[in-house]
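The values are calculated or read from the model by the stated rules, or taken from the named source; none is laboratory data. In this text, all values refer to a predicted model and were calculated from it rather than measured experimentally. Note that each Cβ is placed from the backbone with ideal geometry, even for glycine, and that neighbours are counted across all protein chains shown. Side chains are part of the model used for accessible areas, which takes the heavy atoms of the whole protein and leaves out ligands, DNA and RNA. Shrake-Rupley method; radii C 1.70, N 1.55, O 1.52, S 1.80 Å.
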Amino acid sequence: MALLCLHLNTYAQNQEQVYTQTVRGTVVDKNLQTPLAGVQVVILTTDPVKAVMTDDNGKFRIEQVPVGRHNIQFNFMGFKQFIMSDVLVGAGKEVVLNATMEEEIYMADEVVIKGEKDKSKANNSLITTSVTNLRTEEINRFAGSRQDPSRMAANYAGVAGGDDQRNDIIVRGNSPTGILWRLEGVDIPNPNHFTYTGTSGGVFSILNNNLLANSDFLTGAFPSEYGNKTAAAFDVRLRTGNNEKRENTFQIGLNGIELVTEGPIKKGSGASYLASYRFFSFSALDKLGVSIGANGIPQFHDVTFKIEVPTKKSGTFSLWGIGGTSTIRIKTPNEDTIGQGANPVKLYDDDFISEMFATGLSHTLRISEKTTGKLIVSASAGKVAVESYTVYADDSRIDDYDLSNTEGHYLATYVVTHKINTRNLIKAGVIGRNMFYNNYEKYYDDGDSVYYTSLDIKGDAYLWQAYTHWQRHLTDKLTINSGLYYQLFKLNNTQSLEPRFSASYRIADKKRVSLAAGLHSQTQPLFVYQTQFYDESLNRYRFPNKNLGFTKALHVVGGYEQNLSKNLRLKTELYYQHLYNVPVSVAKVEEFHKVYSIINTGAEYGFYALDSTVNEGLGRNYGAEITLERYFDKGYYFLTNLSLLESNYKAADGKWRSTAFNIGHVFNALAGKEFELNKDKGKVLSLDVKVTHSGGKRIIPIDRDASLVQNRAVYDYENAYSKKVKNYFRTDFKVTYRVNTPKANHQLFVAADNIFNSQNVFTQSWNNRTKQIENEYQLGIFPYLGYRVQF
C-alpha cells in the first residue's frame, strides 16, 4: 500500500501544471453604454465550454480559464450575437473585457442571428465608412509598428507614414495637420514626443499602448461629432484599471523603461486606478553604434493615469491624464566653409524641447432606460521651445533663432444620447473651448544683420461647437446616418455649418455597400493668425493673416465589403475630396510665395506662416483602396492592401501642381504565425513580417546651374513638387517569445525595421563643396528589442 501511495505521489508531481487565469468583464449596450443583464457569455475554446450569465450590473466572471487564446461568444435576446476572437489569456494578469452589443433590427417574424467576429466593428456604432478599429494587441504584434498607435495606423489602406524618423500620419494625400486627436471623448494637442509647432506627429508617441483600449481611426467623411479637422480622426480610449486585484507591468524597450500599476482603490467599491511612468535616453543605442538619425542624444519621459469611480445612481466619474516632455541638443559640425571668410562657421548648435499634457474629468449618468448624458471638463496644452546658435572658428556665437510656442485649451462638453426606439437613435452635443496661447519667435537676418520678431503675442480665443446626429434603421438591411456640425471661431467671427450623411446597405449576410459624404472645416494653427511682418515703409509690424477663414473640404466615399469566409474580409473604397478656402500667399515678395499652400505643411520640423495669406487656394484628392485581411485564427493572420491616390493643389499663381504628399501608391503586406511550444504553460514563439512599397517623396527640385552661380542651394519653385525621389521599399521583421509562470507572464521580442538595409531617399540637398546635388537617406537597418513582464 505504501508503495502504491509513493507511486501515485510521484506520478502527480511529474504531471505538467496547467496555468489558468480569470476572465471577467462587463457587457453594455453599444449606443447607450448602459449595462445588459442576462447576457450569456460562452468561452468556445475550452473543453468543456465554460458559460455564465451577466448580473444586474452587466458583469460576468469565469475562473480557471487555461492560458492561451480563446474565442468568447456573447448571446442576448434582441441583440446581435458576436464573438470576441483570439482573446489572449496569460497567467500574470486577469483578463478584463468591456464588451458592447448592438440591438438587432429585423422586419420578419423570425430571424436567424449568426455570430460574427468583432474585428471590423468600430467602437462608435455611428461610423459606417472609412474606419479601422485598432486593437492594442495588434499594435504590440505587428512588425514595424514599434508599439506606436500612429505607426500602427500606417499599416492600413489610405495611410502613408511621413518618414522613418517621425510618425506623422498622411491620409489620402492630406496634410497631417488635418488629423484630429481625441482622447476619452475630447480633442487633445499633438500627443507625441519631439513634435513641432503646427504638426500632429513626432518621433515617439506619448500614448502608452499598455494603457490603451481598442481605438477607432477614421480616414474620411466622419460623423458630425468629429469637427474642426479636414483629413482624419484618431479616437483613442484608455482602458479601465482592474477594480478587484492589484497588478503590475514592467517593460523595457525602444519606448523606454516603464512601470504600469493598477488595482482597486477600495476593495468592493468598484473604483479603480491605472497609472504608468516611462523614461528613456538614447545614450545606450548611441554607444552600440546604432544610428538614430540625429547628432544628439534624445531623452523623454511621460506619464498616464486613469481613475474610475462608479456611483450609486447609475453613473461613473472618470479622471484621466497624459503628459510628456522630450529634449535633445544637436551639434552639427559645418563641413562647408566656402565663402565664409577668415572666421568660418565651426558648428550649428540647436536646443529643442517639446512638452504636452491633457487631463479631463467626466461624469456619465444614466438619465433613463433610453437616455444617457455625459459631461466632460478638460484642460490641455502643448509647448515647443527651440534655440539655435551659430558657433564660429574663434568660438564667438550668434543667436540665430529663438522660438517659444505655448498653445492649449480649457474645454467643457455635454453629450446626450437618446434611443427613441430600436430603429432611431439621437446623439447631440455642445462644446465650449477657450484656446489660450503665448507665442514668441525671433530670428536673425544675415543679410540685414538684424533681428526680427515674427511672433510676440499672448491671449485667448473661443471656439464654440455643436452637433447633432440621427441614426435611423429603415430596414434590417438599410441604415441611414445624418447630422449637422456647427462651429464659431470668435477670434475673427468665422463660422461654418456642415451637413454629414452616410448610408449602409447589407446586400446579404456577408456583403455590404456604403456611401458617405460631408463638409468639413478647420481653423488654422493659432500662430498663423498671430504672425507679424515688419513693414519698413510704415516702420511697424502688420498682422495680415488675422482674418483668415477656415480651410474646408467636401468628402465623398463609396465602399464595398464582403466576408469571404469566417475570418477573411475583402474591403474596397473609392473617394473624392474637394478642398477649398485653402490659405495661400499673395505677397509675391519671394519666388516661393507663388507656390505656397498650407496644404503642403506639417510633416517635418518647421512650420511657418507667410505674409498676406488669403483663403483662395484649392486642392483635390481622389483614389481607390482595396484591403484583403485574414483575422488572427488558428495561429496565423495576414493583411494586405493597395492604395492608389492622386493629390493636387492650386496656389496663388493659379497653376495646378502635385502636393508634397502625392506619392501615387502605397502597398502593405503583413503576415504572422504563432508556434505553440507548450500549450499548458502558454509558451509561444511568434514570427511577424511587414513589407511596404510606395511612391517616392515629392520634393522641390534644386536648380543646379543657379546653385553653382550663387554658391548655395537655389530651388526651382516654378516646378515645385514635380520631382519624386525613387520609390520607397522596406521590410520589417519581428520575433517574439511568450511564456507563463505561475504568477506572471513574460514576453521578449527582437525586431529589425528595414532588415535588408534598403537605401530609401528622404530628400535632396546641395553640397557646396562638391558642387553636386546629393541624396539624403532615410534610416538604414534599425534593430531593437524589448521585454515585458505582467505580474
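For THR572, the conditions (1) within 26 Å of GLU646 (Cα to Cα); (2) crowded, with 19+ Cβ neighbours inside 10 Å all hold with the exception of (2). The set of residues from segment 130-177 being more than 12 Å from the chain's Cα centre (by Cα), in a helix (DSSP H, G or I) and of a type outside the set (Val, Ile, Thr) comprises GLU137, GLU138, ASN140, ARG141. Of all the numbered requirements in (1) polar (S, T, N, Q); (2) within 24 Å of the chain's Cα centre (by Cα); (3) not in a strand (DSSP E or B), SER565 misses one, and that requirement is (2). Residues in segment 390-441 that are among the charged types (D, E, K, R), in a strand (DSSP E or B) and either in contact with a Gly (Cβ under 7 Å, 6 or more places away or on another chain) or closer than 30 Å to TRP470 by Cβ (or both): GLU407, LYS419, LYS427, ARG433. Of all residues in segment 764-789, those satisfying the criterion of being closer than 30 Å to THR20 by Cβ, open to solvent by 30 Å² or more (accessible area, probe 1.4 Å) and either without any contact (Cβ under 8 Å) to a residue 60 or more places away in the chain or not aliphatic (A, V, I, L, M) (or both) are TYR787, ARG788.
Quick check, is LEU497 open to solvent by 50 Å² or more (accessible area, probe 1.4 Å), in contact with a Leu (Cβ under 9 Å, 6 or more places away or on another chain) and farther than 30 Å from GLU104 by Cβ? Here the answer is yes, as LEU497 does meet what is asked. Does LYS566 meet the test of being without any contact (Cβ under 8 Å) to a residue 24 or more places away in the chain and open to solvent by 60 Å² or more (accessible area, probe 1.4 Å)? So LYS566 fails the test. Test ASP168 against the criterion of being crowded, with 23+ Cβ neighbours inside 10 Å and either under 30 Å from LYS312 (Cα atoms) or modelled with pLDDT of 95 or more (or both), and give yes or no. Answer is no for this residue. What about GLY617, is it without any contact (Cβ under 8 Å) to a residue 40 or more places away in the chain and out of contact with any Cys (no Cβ under 7 Å at 6 or more places or on another chain)? Yes, satisfied. Scanning segment 100-126 for residues that are in a strand (DSSP E or B) and either over 28 Å from ASN424 (Cβ atoms) or at pLDDT 65 or above (or both) gives THR100, MET101, GLU103. Just so you know, in segment 587-599 the residues that are open to solvent by less than 20 Å² (accessible area, probe 1.4 Å) and closer than 24 Å to ASP163 by Cβ include one that is farthest from the chain's Cα centre (by Cα), and it is VAL595.
Taken as a whole, segment 604-619 holds at least one residue that is closer than 30 Å to ALA517 by Cβ, open to solvent by less than 20 Å² (accessible area, probe 1.4 Å) and modelled with pLDDT of 95 or more.
Look at ASN421 and say whether it is over 25 Å from the mean Cα position of the chain (by Cα) and open to solvent by 20 Å² or more (accessible area, probe 1.4 Å). It is true that ASN421 is over 25 Å from the mean Cα position of the chain (by Cα) and open to solvent by 20 Å² or more (accessible area, probe 1.4 Å).
Residues in segment 386-418 that are under 24 Å from the mean Cα position of the chain (by Cα) and open to solvent by 40 Å² or more (accessible area, probe 1.4 Å): GLU407, TYR410, ALA412. Filter segment 328-355 for residues that are among the charged types (D, E, K, R), more than 20 Å from ILE297 (Cβ to Cβ) and surrounded by 12 or more Cβ atoms within 10 Å (Cβ to Cβ); which is modelled with the lowest pLDDT? The residue in question is ASP336. Do the conditions hold for LEU97, that is, is it under 29 Å from LEU425 (Cα atoms) and part of a strand (DSSP E or B)? Judged against the criteria, LEU97 is a match. Residue count for segment 709-740 satisfying the condition of being within 30 Å of VAL18 (Cβ to Cβ) and open to solvent by less than 50 Å² (accessible area, probe 1.4 Å): 6. Is there a residue being at pLDDT 90 or above, out of contact with any helix residue (DSSP H, G or I) (no Cβ under 6 Å at 6 or more places or on another chain) and of a type in the set (S, T, N, Q) anywhere in segment 283-295? The answer is no; no qualifying residue exists. I'd like the full set of residues that are outside any strand (DSSP E or B) and open to solvent by less than 10 Å² (accessible area, probe 1.4 Å), limited to segment 231-260. Answer for segment 231-260, where residues must be outside any strand (DSSP E or B) and open to solvent by less than 10 Å² (accessible area, probe 1.4 Å): ALA231, GLY241, ASN242.
Results for (1) of a type in the set (Phe, Trp, Tyr); (2) over 22 Å from GLY315 (Cα atoms); (3) in contact with a Ser or Thr (Cβ under 8 Å, 6 or more places away or on another chain); (4) in contact (Cβ under 8 Å) with a residue 40 or more places away in the chain, shown as yes or no for each residue.
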| site | (1), (2), (3), (4) |
| --- | --- |
| ASN343 | no, yes, yes, yes |
| LYS346 | no, yes, no, yes |
| ILE353 | no, yes, yes, no |
| LEU361 | no, no, yes, yes |
| THR372 | no, no, yes, yes |
| TYR389 | yes, yes, no, yes |
| SER404 | no, yes, no, no |
| LEU411 | no, no, yes, yes |
| VAL415 | no, no, no, yes |
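Residue-level check: of (1) touching a Phe, Trp or Tyr at 6+ places or on another chain (Cβ under 8 Å); (2) under 25 Å from ALA603 (Cβ atoms); (3) not in a strand (DSSP E or B), ASP653 misses just (1). Answer with yes or no whether TYR541 is open to solvent by 30 Å² or more (accessible area, probe 1.4 Å), touching a strand residue (DSSP E or B) at 6+ places or on another chain (Cβ under 9 Å) and under 30 Å from ASP163 (Cβ atoms). Against the criterion (open to solvent by 30 Å² or more (accessible area, probe 1.4 Å), touching a strand residue (DSSP E or B) at 6+ places or on another chain (Cβ under 9 Å) and under 30 Å from ASP163 (Cβ atoms)), TYR541 does not qualify.
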